[in-house]
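Here is the structure we will look at, set down as structure tokens.
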Amino acid sequence: MSCFPVQGGLILQGANSSCRNSTMDSQRVMDYLTEVEVAAEDVLADKQQIVDLDARRNRNREAMNALRNNASDNGNYKVKVCFGNMFIKFPKESTKSMIQKDQEQLEQEINDLRKGLKAKVNRLNDLQGKPELRGYNLSPLTGDELKAMNSILKR
């Protein structure tokens, strides 16, 4: 028995339907590979977005340090701030508060992406038949937990 692929299906010769089964098997393999590829692309996209947001956070940190190190502490002092392709003079204090708000928003976005990334990596590992990563879902101790641990260890 032989199978010949043609546009729109297969031409089967013979009474056996093994070509039909192999076509269904190959379709299942293609569906699986597509699902794994989509999951991997999703993980890579989130990682890249974290890198981009982190670079923006570093630029904001540099700007905050430049504002702190500026010799003029006059409250009316204005600094030039770049918005897109133009510079605008803003009061120093309002510029600091804008950058601080942006930093907080970036921190939140990065943390949300990292939390979501853990689930996506676990899903990708599950699709690939790999075991779940151990120690990957750890979170840092809170201040109260740290104080409690220190008091226990000092006894």
* Asked: Taking Leu141 and the conditions (1) open to solvent by 100 Å² or more (accessible area, probe 1.4 Å); (2) at positive phi, which numbered condition does it fall short on, given that it satisfies the others?
  -> (2)
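Output yes when any residue across the range 79-99 is touching a residue at least 40 places away in the same chain (Cβ under 8 Å) and loosely packed, with under 12 Cβ neighbours inside 10 Å, and no when none is.
Checked against the condition, which is being touching a residue at least 40 places away in the same chain (Cβ under 8 Å) and loosely packed, with under 12 Cβ neighbours inside 10 Å, the range 79-99 yields no hits at all.
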* Of all residues making up the range 113-123, the number that are under 15 Å from Gln49 (Cα atoms), open to solvent by less than 80 Å² (accessible area, probe 1.4 Å) and without any contact (Cβ under 8 Å) to a residue 24 or more places away in the chain -> 1
* Just to be sure, is Asp126 without any contact (Cβ under 8 Å) to a residue 24 or more places away in the chain, surrounded by 11 or more Cβ atoms within 10 Å (Cβ to Cβ) and either part of a helix (DSSP H, G or I) or polar (S, T, N, Q) (or both)? -> yes
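The values are calculated or read from the model by the stated rules, or taken from the named source; none is laboratory data. These numbers come from a predicted model, not from an experiment. Note that we place each Cβ from the backbone using ideal geometry, even for glycine, and neighbour counts take in every protein chain shown. To get the accessible areas, we keep the full protein, side chains included, count just its heavy atoms, and leave off ligands, DNA and RNA. Shrake-Rupley method; radii C 1.70, N 1.55, O 1.52, S 1.80 Å.
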